[in-house]
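S.K.: Okay, here's the structure, questions in a sec.
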Amino acid sequence: MNWIEDLNTLASRRAFLARSSTGLGALALGSLLNGKLGAAETKPSAKTSGIIKTLHFAPKAKRVIYLFMSGAPSHIDLFDPKPKLKELTNTELPASVRMGQRITGMTSGQKQLLCVGSPFEFKRHGKCGMELSELLPNIGKIADDLCLIRSMHTEPINHDPAVTFFATGNQQPGRPVMGSWITYGLGSENANLPGYIVLLSGSGGQPLQARYWGNGFLPGDYQGVQFRGAGDAVLYLSNPKGITTKSRLQLIDSMQELNRRQLGVIGDPDIATHIENYELAYRMQTSVPDLMDISKESKATLEAYGAEPGKASFANNCLLARRLAERGVRFIQLCHRDWDHHSDLPKGIRTQAKNTDQASAALVADLKQRGLLDDTLVIWGGEFGRTSYSQGEIKKDNFGRDHHPRCFSIWMAGGGIKPGMTYGATDDFAYNITENPVHVHDFHATMMHLLGIEHTKLTYRFEGRDYRLTDVAGEVVREILA
Amino acid sequence: MLAWRNAKSPMYRTTPFHLVLLAAGSLLFAVSIRAAAPAAPLAVNFGRDIRPIFSENCFTCHGPDKDKRKAGLRLDMKEDAFKKLDSGGFAIVPGKPDQSRILAVITLPPEDDDHMPPTKTGKKLSTAQVDLLRRWIAQGAKWAEHWSYVAPERFAVPEVRNKKWPRNDVDRFILAALEQKGFKPNAEADRYTLIRRLSLDLIGLPPTVQEVDDFIADKSPNAYEKLVERLLASPHFGERLALAWLDQARYADTSGYHFDGFRQMHLWRDWVIQAFNDNKPFDQFTIEQLAGDLLPDATIEQKIASGFHRNVMTNDEGGADPEEYLAKYVVDRVSTTAQVWLGTTVGCAECHDHKYDPISTKEFYQFYAFFHSVPEKGLDGTRVRNPAPVLKVPSPDQGSRLIRLIDLIPKAEKTLADREGELPKEQEVWEKELQKQGIQEPKIDGLVKALSFDEADSAATNRVAGKIGQALQLRGSTNEFFDVGRAVSFENTNAFSYGAWVKLHGKTGAVLSKMEEGPGYRGFDLLLNDAKAEVHLVNKFPDNAIKVVTKDALPTNTWLHLMVSYDGSNKAGGLRIFVDGKSRPLDTPTDKLSASIRTEAPLLIGSRIKAFPFNGLIDDVRFYSRRLKSEEVASLAAHANLLIARIAADKRTDDQKSGLKDYFRQYAATNFITAQTRLARLRKDKDELMEQIPDTMVMDELEKPRETFIFTRGNFQSKGEKVSAGTPAVWPPLPKNQPTNRLSLARWIVATNQPLTARVTVNRYWGMLFGTGLVKTANDFGSQGDRPSHPELLDWLACELMQGAASATAEAKPHEWDVKHLLRLLVTSATYRQSAVITKEKLERDPYNRLLTRGPRVRLDAEIVRDNALAISGLLNAKIGGPSVKPYQPPGIWDGTDHKYEQSKGADLYRRGMYVFWKRAAHYPSFQTFDAPSRETCTLQRPRTSTPLQSLVVMNDPVYVEAARAFATRVLQQRGLNLEEQLAFAFRLALARPPEKKELAVLEKTYREQRANFAQDKKAAEDLLSVGESPRPKDIDAVELAAMTGVANVLLNLNETITR
């Protein structure tokens, strides 16, 4: 291979590479040879740069945008209409429904478990006639693009283990999350950016722990890299005050020259990796601020999302998610806080629906308009559902719902999922599943299937055992595949 | 190739990309790299060749898990493997491959139903593996126990051809393997490399320039050994060894689950450091940490040590089931113990019999029983301090202060009781004096309206004896209140105060209101809601209003003085509610007032319009047109009681009598008050002292142990068979005639017949020094783990650790379990002292240096990357031990967690990395980037990745920028050096060695470039130098210092700097 020639080709394409062949330019070659040419040059392929060299199936989705609604939104008030429950408000939840199942310490001491119907109206939307709450008018508008699953179920009954379970397939901390598994399996499409990026919004409610985007026992390269709305988008991305781009380039040049000398003496390939990393770090310094700057988006786009440049919000994060998807980031995870409505639910859920409805819908619509929805899987949901009985007294316009793992709703869009579909059903109380249950492991298996991965085959040996995201279970839900 | 790839991962080494990079780096060997093909073995070795095939392909159905076992065949135990099958035949017939059923089924065509392993498992034996099995059976099917379950043996040290190279027996084992494979070891590294490698390995800090010079100058034959002894004796040695131990012990400063509350375990951490410095024998080190609390006459130190297993994560999530979490804590202890000491993963057996290693579910819960009787709660009940059981550990000074207070407090209590006895008499005297002098009204201006319900307000019905004179009585019905009419008028921008004496019979009701009806509610009020005092100042509720509520409920059925003061600021912060003269803490549900609260609504006492009827007594309502000061309110509250003295003694109600008595006790009984104040101060001193005395979590046992049951499939709600404490049958039994408790378990773990502990420990220290253990899977010595690269050496070292040196001489006889002896042996070996230079051949044939064809070259651990930079710069605060510190970190890191990061100041900013506050839910970011674990669970091996995020840290994290500036300052402060000498000095500070000419030229170029930049932009220089809180000397020119800071930034970022 004539690497000088390749270098020259590369150098003519990228301005900063037009330096000397002993400068940064020589190092960028690695990316060229690996087919990572930045945003404009990403191209689809059944080959990946991850551990799975050739995908197990033809992939429908190339990347995932996961909108994690932390605290567990009430399926009863958003996605799963129950007119009967409304009628039964203030009556005891029948024992035949509860079946002695476990409930949390927050309501287990209550004398009564009184049913409470949703105070919100449900309407049919789109050609498919999907029934959704009045709290989600914008998501209603994209109903024909959504696959709504009403029969999700999980195992843990408290937030921390439930979020950990939804993220890693296990309640105990220590295993890798979905995003880590996917980037481990598929690698990144963009050499300038991490393969797995996380954005946070909201405040109050349940805390967010770093392990919700943690690599567990996988190498640290696969941990979700948090991009921030305020300060440096990536930690330590900016040069210190007083160090200009010119200075930084000169300093990196010097480092690289010394590193290369050392590589020549010692011959340790780790030094080569080190050299490449400084090159990549520099590229991130130039590309990330540009990526995070949404002020150049059109007014129409900003309005569609409800995004405001310079402000940290779920809406801004949704818009950034689209920008990241465009640049081939493999797994984009948004965590939005404060859905844990044990009391004051009508008020709380209205606020959170308002904070998320427009931007979530705008994201799907925007991806679709740009032709990205076909190979981007969007997932929207929390860690479990909420109870059909009230936590605390039922007052006018005020009641609460406790944690409910036995059923909840999530929706997905794009990336090979069947659009305009409602899957699974629950009983009149939205308490037990009556049709097509989807366990968290099944959900993981299906997501991986869409990405071209046979979920039983993406494993990692740790402590003598081959671990996988779906643990020892998981069935692909074929009915919801397009 | 993924950009974010683990540098050490196998794929990385074999991509064409690197070869080109190597070429770019002027290396000469740009050729393809391939794995060396193993030579075919002659005699089949069961442990090496056969068991791994069984484990990988067969154990899932023919292994330890009895529930999953098929065909009656078990292949992990000798007697089972040769037993008759359910079907009648034999799986293995020694010497007779043709009669061995196992061979028949593995050679069936894949489509045959009986083909093994079943096609659907995705497992497939290679022809070579089938051939191995055939030959093994043909050669007699010799069986051997799994290597790590057999006690280590002190193998004879092998003979080697090159007699000159070895410095000790370790080298002979290593060299024998090298010679067998046709390798020559590398030459010894130069002395610069050696001292730097040794220092960073043994104390985690780089050598100083002086130390390097001394070592280079030391021409004695044992210069190196002297250096080793100096480092082993350094107090930083304990820190270095503790660092790795903290990962294993999952040490952290927060609880981990959910809220991730704070805890403190630094006394335990200090104990670990001290134990390593004292070279506490490893068996003792183990026993004290697992069961220090159970040792006879346990010392405070031994109890502190037992905190090892209190480092588990704990939870306090509302609604969680305490039993579930109690179980999780115990499971964690079982897993951690098994991993750290036995190199065995037992976690699988929590739900089902282990698939690969002979540990049944029952045995798991027997092990569990050892840790199940700690008197702890499943939900720890605290988000701010250590959950019980804890041990308070005062310093000597704190101890003597505490003893003094414990002595003084009862004495002060006695004095107070005496004074109290004298009160009735004193009160009589005082009252007489008072009547003589007359009772004065306190002078408080601004009174605009007062209602005493005595005479002037006799329009009010239902009057009864009140706080003073008469009071308004109300019974909580909506048509019962006192309508004052159009009285008082306040504006949102006025300062004003109002309040009354109240005695509440119900829990809810308005004391007073001047407020319109809903929906607007314009006006103001004072009401009690669920016994909490509430005040609304409203233009329009809730959009333009203030609402404040006392955090605490107030007592009912007793007289309370309530007073509200407001400063006219439109802010809830300007509003106070006083109860009995004291301002109370408030919640602020609404704080959005910006418009008028003036209203024509009547002033009502005892109600709002059609709402909040009051049930109880109201007296002495007052309105002031200014904001009363705290002391004025206090005086008003007190004065009411004093006024009682005006009533003739025999006319006073009981309430009034006690009111006057209260006044006397609070304000006039000088002797009593003095005694009371003194007692309060002593108690406060004691409370404060107790608060300052650090505590630490320790282990303890319930008097009545908890019962242990097998949890079916690991579900804590599904209790199966009851079990008692015990150890798995695969290992030697517990010592007889000792109680079956944690202490016996600890002793069993370090018993000389325990095959794993010494091997696992030796392996861990080998890994610390050489980058990878002799067993690569440091946490798995079971059948799925890697076999040791040098099995005989591993065993030999394990014996050396357990028994002391084979070659011990009388004058320097190391004791048993002597960790310093082990490390000394390893670092003085020629193997360790080799240069790290990699040749083409060695990279090809020994890519991961498992054969030790060269010296170790390893990227520093996260904390040491930082310590190294701080040490080079001279900023390092080398203080050892104490509470954790919070150095700079970017804002927002803790945002998701609801805790506020309160950054440390001054010298604490420069403490070693191991003292950085370890928050499990939001890790100190640069450590996370450099692979430090969050310590949620036990970590035996950190991965070592190499990523661009690491580059960003060392280039731009203020810690490193400040270090670069201090480093530059240090260089420029060297007297009498020219630029070249300064740069060479800088180079030596960072890397110990002197620079090559060309390296110096690069630094000089860098300096000149940066100098030119900063000369053009002096503001930029000032900006750069302003990073970090340490002061900078003003006598160095900013441009010069900034330029040298640039050079320092380059040096700190070199691969060589973060590698040893």
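Every read-out reported here was derived from the displayed coordinates using simple, explicitly stated rules and does not represent laboratory data. Keep in mind that this is a model prediction, so the values were computed, not measured. No Cβ is skipped: glycine too gets one built from the backbone with ideal geometry, and neighbour counts run over all protein chains shown.
S.K.: How do the peptides B:914-925, B:594-605 rank, highest first, by the average count of neighbouring beta carbon atoms within 10 Å per residue?
M.R.: B:914-925, B:594-605
S.K.: Which values, in whole Å and largest first, are the semi-axes of the equivalent ellipsoid of the protein assembly as shown obtained as the square root of 5 times each eigenvalue of the Cα gyration tensor?
M.R.: 62, 40, 38
S.K.: Within the protein assembly as shown, what percent of beta bridges assigned by DSSP are antiparallel, to the nearest 5?
M.R.: Counting only bridges with both partners in the protein assembly as shown, antiparallel ones make up about 75 percent.
S.K.: Per-residue HN-Hα couplings for region B:323-332, Karplus 6.51 cos²θ - 1.76 cosθ + 1.60 at θ = phi - 60°, whole Hz, x for Gly and Pro?
M.R.: 5, 4, 6, 3, 4, 4, 5, 5, 4, 4
S.K.: Another question, if that's okay. Quick check on region B:842-972: what are the equivalent-ellipsoid semi-axes from the Cα gyration tensor, as sqrt(5λ), descending, whole Å?
M.R.: Equivalent-ellipsoid dimensions as semi-axes: 28, 21, 14 Å.
S.K.: Measuring from the lowest to the highest alpha carbon on each principal axis, how far does region A:321-398 reach, largest first, in angstroms?
M.R.: Between the extreme Cα coordinates on each principal axis of region A:321-398 lie 49, 20, 17 Å.
S.K.: When the Kirkwood radius is taken over all Cα pairs of region B:314-390, what Stokes-Einstein diffusion coefficient follows at 20 °C and 1.002 mPa s, in µm²/s?
M.R.: The Stokes-Einstein estimate is 159 µm²/s.
S.K.: Next question. Rg(Cα) of region B:506-656 divided by 2.2 N^0.38 Å?
M.R.: Taking the Cα Rg and dividing by 2.2 N^0.38 Å, one obtains 1.07.
S.K.: Okay, moving on. What span do the alpha-carbon atoms of region B:380-449 cover on each of the three principal axes, reported in whole Å from largest to smallest?
M.R.: Principal axes ranked by extent give 59, 39, 23 Å for the Cα atoms.
S.K.: Straight distance only, please: which aspartates and glutamates reach the Cα of B:Lys684 with their own Cα at less than 15 Å, same-chain residues fewer than 8 apart left out?
M.R.: B:Asp407, B:Glu413
S.K.: Let me ask you something else. Evaluate region B:567-677: find the radius of gyration of its Cα atoms, find its Kirkwood radius, and give the ratio Rg to Rh.
M.R.: 1.04
S.K.: From the residues B:Val775, B:Thr337, B:Leu972, which one has its Cα farthest along the dipole of the protein assembly as shown in the positive direction, the dipole being from +1 and -1 charges on Cβ of Lys/Arg and Asp/Glu about the Cα centre?
M.R.: Sorting the options by dipole projection puts first B:Leu972.
S.K.: Still on this model: Rounded to the nearest 20 Debye, what is the dipole magnitude of chain B about its Cα centre when Lys and Arg each give +1 and Asp and Glu each give -1 at the C-beta?
M.R.: 1700 debye
S.K.: Right, another one. Using the Kirkwood formula over every pair of different C-alpha atoms, what hydrodynamic radius in Å results for region B:79-179?
M.R.: Final number for the Kirkwood radius of region B:79-179 is 17.1 Å.
S.K.: For chain A, I need the span (max minus min coordinate) of the C-alpha atoms along each principal axis, in Å, sorted largest to smallest.
M.R.: 79, 52, 41
S.K.: Also: In whole Hz and in residue order, list the ³J(HN,Hα) couplings for region B:518-530 that follow from phi through the Karplus curve 6.51 cos²θ - 1.76 cosθ + 1.60, θ = phi - 60°; x for Gly and Pro.
M.R.: x, x, x, 6, 5, x, 8, 7, 9, 9, 10, 10, 6
S.K.: When all alpha-carbon pairs of region B:610-665 are counted, what percent fall beyond 16 Å?
M.R.: Distances greater than 16 Å cover 57 percent of the Cα pairs.
S.K.: Right, another one. What is the total of Lys pairs in region A:52-142 with C-alpha atoms under 16 Å apart, excluding same-chain pairs fewer than 8 positions apart?
M.R.: Taking the Cα cut-off of 16 Å, the pair count is 6.
S.K.: Another question about this same structure. For region B:239-389, state the average projected area of the convex hull of the C-alpha atoms over all orientations, rounded to one decimal in nm².
M.R.: Value for region B:239-389: 9.5 nm².
S.K.: What's the percent breakdown of Cα-Cα distances in region B:757-882 across 10 Å bins, shortest bin first?
M.R.: The percentages, shortest bin first, are 11, 33, 32, 20, 3.
S.K.: Right, another one. Mind pulling the per residue volume of the convex hull built on the Cα atoms of region B:423-484? Å³ is fine.
M.R.: Convex hull volume per residue, Cα atoms: 154 Å³.
S.K.: For region B:431-577, with only Lys/Arg (+1) and Asp/Glu (-1) charged at the beta-carbon, what is the dipole magnitude about the Cα centre, in debye rounded to 20?
M.R.: Taking the Cα centre of region B:431-577 as origin, the dipole is about 240 debye.
S.K.: Also, I was wondering about something else. Using the Karplus curve 6.51 cos²θ - 1.76 cosθ + 1.60 with θ = phi - 60°, work out ³J(HN,Hα) for each residue of region A:82-90 in order, rounded to whole Hz, and write x for Gly and Pro.
M.R.: For region A:82-90, the Karplus-derived couplings read 9, x, 4, 5, 4, 4, 8, 3, 6 Hz, x marking Gly and Pro.
S.K.: Along the positive direction of the dipole of region B:721-879 (beta-carbon charges: Lys, Arg +1; Asp, Glu -1; about the Cα centre), which of B:Thr757, B:Ala869, B:Thr727 reaches farthest?
M.R.: So the residue we want is B:Ala869.
S.K.: Separate question: Over chain A, calculate the relative contact order: mean separation of alpha carbon pairs under 8 Å at least 6 apart, over the residue count, as a percent.
M.R.: That works out to 27 percent.
S.K.: Would you work out which of B:Pro394, B:Phe364, B:Val429 lies farthest towards the positive end of the dipole of region B:358-436? Charges go on Cβ: Lys and Arg +1, Asp and Glu -1.
M.R.: It is B:Phe364.
S.K.: Restricting to lysine pairs 8 or more places apart or on different chains, what number in region B:883-1023 have Cα atoms under 23 Å apart?
M.R.: Lysine pairs, 8 or more places apart or on different chains, close enough: 8.
S.K.: Also, quick follow-up: How about B:Lys842: which aspartates and glutamates have a C-alpha closer than 13 Å to its C-alpha, ignoring those fewer than 8 places off in the same chain?
M.R.: B:Lys842 reaches A:Asp268.
S.K.: To continue, here is another question. With a bin width of 10 angstrom, please list the P(r) values of region A:249-315 as percents of all Cα-Cα pairs, from the 0 bin to the one holding the largest distance.
M.R.: Pairs per bin, as whole percents: 18, 30, 17, 17, 14, 3.
S.K.: Taking Cα pairs under 8 Å and at least six residues apart, what relative contact order does chain B come out at, in percent?
M.R.: This gives 16 percent for chain B.
S.K.: Now a separate question. Using a 10 Å cut-off around each Cβ of peptide A:213-224, what is the average number of partner chain Cβ atoms that fall inside?
M.R.: What the average comes to for A:213-224 is 6.
S.K.: Report the semi-axes of the equivalent ellipsoid for region B:162-298 in whole Å, largest first, where each axis is √(5λ) for an eigenvalue λ of the Cα gyration tensor.
M.R.: Here the semi-axes work out to 37, 20, 17 Å.
S.K.: What value in Å³ per residue do you get for the convex hull of the alpha-carbon atoms in region A:117-200?
M.R.: Once divided by residue count, the hull of region A:117-200 is 183 Å³.
S.K.: Report, in cubic angstrom per residue, the convex hull volume of the C-alpha atoms of chain B.
M.R.: Spelled out: Cα convex hull of chain B, divided by residues, is 269 Å³.
S.K.: Separate question: Hey, which of these cross-link pairs are over 26 Å Cα-Cα: B:Lys120/B:Lys362; A:Lys299/A:Lys368; B:Lys610/B:Lys657?
M.R.: B:Lys120/B:Lys362; B:Lys610/B:Lys657
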